[in-house]
C-alpha cells in the first residue's frame, strides 16, 4: 500500500500581518505549494497611522491566528502572548518569523521553537547598527538559532554577512508587487488627472511615499524648480513635511497637485497618472533606503523611474530605470528635462520597467522563491539551491 505523505505545515509570524495586504507573502507561499500555512498576527497593532485589527479576507488560503500582543507601543519591546507558545508546541515542518532579529518578539520565537524545526528569520536592516543591551544580546541569540535568514536585498545581505552570519545561510529574496493590480492603465491615469483638474498633455512628474526629509521631497522641490521643461507634479503621500510641501505647491498654483489620503487600492490609478516617478531618497547616518516599494509599483504600471543611488535602490532598479547621485540636483534637473521632452525615451524605460516587474518582482515568483528555500531547508539541502532574486 502506498503511504501518503502528510502535507507540510508552515507557521509564519509577524506583526505586519495585522494589515491584510502584508499577508500577501504568506498567501503566495500557500498558493505556490500544497502546504498548510498558518499566519500568526497580533489581534491589534498600532502602526504609524493608527490601530490595525486582524480581519481575514474572503478567500484567504492561510489559516489566520490572531494572538494578544504585549508591550506593543514599540516594535523593539513587543512580545506575543501564551497563545503563540501553544501554537509553537504543535507539529511544524518549518517556522518563519518576519521580525527583525534584534527585537524581543524574535528572541521569543527563537527561544520557543523546537530545535528540531528549521527556523527562518527575515530582515530589512541595511545599516551596520550596534544595538545597546539587551537588544544586541537578543540579536546575537536569534542569529545563532536561525537556520537561515531571508535578506530582502543585496545591501541587507552584505550587512548581515558582514556581521558574521554565514553567507551559506543567507538568501536574498525581494518583496513583491501585484502585477495585475499594478499595471498600465491609461484610462485610470486620465481619471486621476481629470480629478485634480488637469487637461492637456503637459508631462506629470510623480512622487509616492512619506513626506519626510529622507525620502527626498525637499530635494525634489528644488530639482523641479530648476527643471527647464514643462512639467506638472503629483505628490502622493503624507507626513511631517506636509505643510512645507503645501507652501511650495501654492507657489505653483494648479501646476502641483497633492493627494494625502490615497487608499492602497487607489495607488495604481495615481501611478498611471504620472509620466515619470521620482524616488530621490537621501541617506542619513541612521537610515538609507531599504528597498523602495514605490519603484517596483511604478515599474509594474509602466511608469519610468528616476531614482537616487541611496541604499538598495540601485539593486532594485537594475537597468530598468535611471539612477543618479543623491546630491546631483543639477543632473537630476537636466535628466528630467530630457525625459519630459522625449516621449520615446519614456516609452523605452516604461517597457523595461514593466518587464522587470513581471520577471523579477511578481508576487508569484517571490512566493515560489520562498517555497524553494523552505523546501530545501526541510529536505536538508543547501539553501543556495533555492536561488535569489535578480
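Would you confirm, using the coordinates I've provided, whether residue 285 is in the same structural domain as residue 329 (by TED's automatic domain parsing), within 17 Å of the chain's Cα centre (by Cα) and either under 17 Å from residue 126 (Cβ atoms) or free of Cβ contacts under 8 Å to residues at least 40 places away in the same chain (or both)?
Numbers: in the same structural domain as residue 329 (by TED's automatic domain parsing): yes; within 17 Å of the chain's Cα centre (by Cα): no; either under 17 Å from residue 126 (Cβ atoms) or free of Cβ contacts under 8 Å to residues at least 40 places away in the same chain (or both): yes.
No; evaluated as a whole, the condition is false for this residue.
Looking only at segment 296-334, residues that are assigned to a loop (DSSP other than H, G, I, E, B), in contact with a helix residue (DSSP H, G or I) (Cβ under 7 Å, 6 or more places away or on another chain) and in contact (Cβ under 8 Å) with a residue 60 or more places away in the chain come to 6 in all. For segment 160-185, the candidate set comprises residues that are in a helix (DSSP H, G or I) and in contact with a helix residue (DSSP H, G or I) (Cβ under 7 Å, 6 or more places away or on another chain); within that set, the residue that is nearest to residue 234 (Cα to Cα) is 161. State yes or no: is residue 146 within 24 Å of residue 374 (Cβ to Cβ) and surrounded by fewer than 18 Cβ atoms within 10 Å (Cβ to Cβ)? Taking the combined requirement at face value, the residue does not satisfy it. Has segment 83-93 got any residue that is surrounded by fewer than 19 Cβ atoms within 10 Å (Cβ to Cβ) and assigned to a strand (DSSP E or B)? Looking through segment 83-93, none of the residues is surrounded by fewer than 19 Cβ atoms within 10 Å (Cβ to Cβ) and assigned to a strand (DSSP E or B).
Determine if segment 293-316 includes at least one residue that is under 22 Å from residue 264 (Cα atoms), out of contact with any strand residue (DSSP E or B) (no Cβ under 9 Å at 6 or more places or on another chain), modelled with pLDDT of 95 or more and assigned by TED's automatic domain parsing to the domain that holds residue 357. Yes, the conditions are met somewhere in segment 293-316.
Screening residue 370 on (1) within 17 Å of the chain's Cα centre (by Cα); (2) surrounded by fewer than 16 Cβ atoms within 10 Å (Cβ to Cβ) shows it passes everything except condition (2). Against the conditions (1) modelled with pLDDT of 95 or more; (2) farther than 20 Å from residue 295 by Cβ; (3) surrounded by 20 or more Cβ atoms within 10 Å (Cβ to Cβ), residue 344 satisfies every one except (3). Residues that are over 20 Å from residue 41 (Cβ atoms), in a helix (DSSP H, G or I) and touching a residue at least 12 places away in the same chain (Cβ under 8 Å) within segment 112-141 comprise 135, 136, 138, 139, 141, listed in sequence order.
Among the residues of segment 210-226, those identified as part of a loop (DSSP other than H, G, I, E, B) and surrounded by fewer than 20 Cβ atoms within 10 Å (Cβ to Cβ) are 210, 212, 226.
Yes or no: segment 175-188 includes at least one residue that is surrounded by fewer than 16 Cβ atoms within 10 Å (Cβ to Cβ), within 20 Å of residue 346 (Cβ to Cβ) and at pLDDT 95 or above. Looking for residues that are surrounded by fewer than 16 Cβ atoms within 10 Å (Cβ to Cβ), within 20 Å of residue 346 (Cβ to Cβ) and at pLDDT 95 or above, one finds at least one in segment 175-188, hence yes.
Run down 8, 3, 73, 46 and say which single residue is modelled with pLDDT of 85 or more, more than 19 Å from residue 110 (Cβ to Cβ) and surrounded by fewer than 18 Cβ atoms within 10 Å (Cβ to Cβ). Write out each step before concluding.
Numbers: 3 fails: modelled with pLDDT of 85 or more; 73 fails: modelled with pLDDT of 85 or more; 46 fails: modelled with pLDDT of 85 or more.
The match here is 8.
To keep it simple, each residue is scored yes or no on (1) under 30 Å from residue 362 (Cβ atoms); (2) touching a strand residue (DSSP E or B) at 6+ places or on another chain (Cβ under 8 Å); (3) in contact (Cβ under 8 Å) with a residue 24 or more places away in the chain.
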| residue | (1), (2), (3) |
| --- | --- |
| 181 | yes, no, yes |
| 193 | yes, yes, yes |
| 203 | yes, yes, yes |
| 214 | yes, no, yes |
| 255 | no, yes, yes |
| 267 | yes, yes, yes |
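Apart from one condition, residue 229 fits all of (1) touching a helix residue (DSSP H, G or I) at 6+ places or on another chain (Cβ under 8 Å); (2) assigned by TED's automatic domain parsing to the domain that holds residue 315; (3) without any contact (Cβ under 8 Å) to a residue 60 or more places away in the chain; (4) crowded, with 16+ Cβ neighbours inside 10 Å; the exception is (3).
The values are calculated or read from the model by the stated rules, or taken from the named source; none is laboratory data. Remember, predicted model here, so these are calculated numbers, not experimental data. A quick note on method: Cβ atoms are made from the backbone with ideal geometry, for glycine too, and the neighbour counts reach across all protein chains shown.
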